[in-house]
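J.: If you scroll down you'll find the structure; I have some questions about it.
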Amino acid sequence: MREVAERRQQLELEHEQALAILKFKQDEIKRLQRAQLFAKREHEGVVQML
């Protein structure tokens, strides 16, 4: 029974870590998407000036 409790605790810790990594990656994707959109708009503005 003790082994089961230890395994459950380990799995819960791994789950929390996985969620933290997922949130970090999602935030990173959002930042990259905003940067890409900004670059696209900036490029379109330069093209229009030409």
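J.: Angle check, please: helix 2-49 long axis (alpha carbons) against the longest principal axis of the chain (alpha carbons), in degrees 0 to 90, nearest 10.
T.: The angle comes out at about 0 degrees.
J.: To continue, here is another question. Sorted from largest down, what three extents in whole angstroms do the Cα atoms of the chain have along their principal axes?
T.: 73, 7, 5
We did not get these values from a lab; they are worked out from the coordinates using the rules stated. Here the structure is a predicted model, which means the values were calculated and not measured.
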